[in-house]
1. Calculate the mean, over all residues of peptide A:104-111, of how many other protein chain Cβ atoms lie within 10 angstrom of the residue's Cβ.
2. Let me confirm one metric for peptide B:20-30, namely the mean number of other chain beta-carbon atoms within 10 Å of its residues' beta-carbons.
3. Using a 7 Å offset from the Cα along the Cα-to-Cβ direction at both residue A:118 and residue A:61, what is the distance between the two label points in nm, to one decimal?
4. Just to verify a number: FRET efficiency for residue B:73 and residue B:52, C-beta to C-beta distance, R0 = 22 Å, to 0.05?
5. So how far apart, in nm, are the two label points at residue B:59 and residue B:35 if each is 7 Å from Cα heading toward Cβ?
6. Per 0.36 nm of contour for each residue apart, how much would the distance between residue B:44 and residue B:10 grow if the chain were fully extended, relative to their Cα-Cα spacing?
7. Looking at this model, which pairs from A:73/B:56; A:134/B:14; A:66/B:69; A:66/B:56; A:138/B:56; A:66/B:14 are more than 31 angstrom apart at the alpha-carbon?
8. Considering only protein heavy atoms, with the full assembly of protein chains and a 1.4 angstrom probe, order B:20, B:60 by accessible area, largest first.
Amino acid sequence: MASASAASLCRFQPFQNQPTKTSGLVTRTSSSLQLVSNGWAKSGFSSLRTSRLQICCSAKHETVQKVVEIVRKQLALPPESEVTPDSKFASLGADSLDTVEIVMGLEEEFGISVEEESSQNISTVQEAADLIEKLVEKKAAA
Amino acid sequence: MGASRGPRLSGMQKQVLSLYRGFLRAARAKSAEDRQQIESLVSSEFRRNAKEVDRKNFLYIEYLLRRAKKQLDQLRSPDVVGLSALNVSFSQTKHPTN
């Protein structure tokens, strides 16, 4: 409930012309949104604000798409085959060696380093995308 | 939650996967051409053994693990350019050329 209301507040932020209130709201939400608040503080145009917010919201989708692409390439899947975020690597025909290769490919694509422990827990596209977002965020914060 | 994610792997399987990762990591440090060669060689070798070696043949798997660890240590050295020495021994066993 709390998270839902925070998200909806964040969604309407670009339409409010109250910078002080905006930053106060943003700091209470997740760290990925703090990046956005920095952008707002610097840019004065409301149009820019909206575009930044779109980037923030679609990042998840972009990551998933990128993961899907890499998985397709790694497993040499035909273009007509369907890969959804919930697709399990195993059901796409990947064995454990393929999974290692996929994770290595993702590491290079996103410039991150996946620890061995967590890489063995990845079995779906969505799980991979979630982990990547977490690691990219951590890297940006460091 | 942990159990529902992916297959449960034995300690030995984890060791093998960790070695595979290690080889692919080590290959990244080499030149593009060598890297590709190392990757295809390592990949085919792991896959061949995964298919051919009986999963209960622990002694042999342990031997392969020990051997691979030594090979990986050598490959990690920046002086080692590629897996050509290994490649020769593999190709000799498969199709003797000289």
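The values are calculated or read from the model by the stated rules, or taken from the named source; none is laboratory data. If you're wondering where the values come from, they're calculated on a predicted model, not measured in any experiment. Quick reminder, even Gly has a Cβ in these numbers, built from the backbone with ideal geometry, and neighbours come from all protein chains shown. For the accessible areas, the whole protein counts, side chains as well, though only heavy atoms, and no ligand, DNA or RNA atoms are used. Shrake-Rupley method; radii C 1.70, N 1.55, O 1.52, S 1.80 Å.
1. Across A:104-111, the average partner-chain Cβ count within 10 Å equals 2.
2. Average neighbour count from other chains, rounded to a whole number: 3.
3. Taking the two extended label points, one gets 2.5 nm.
4. 0.35
5. Distance between the two pseudo-spin positions: 4.1 nm.
6. 10.0 nm
7. Beyond 31 Å between Cα atoms: A:73/B:56; A:66/B:69; A:66/B:56; A:138/B:56.
8. B:60, B:20
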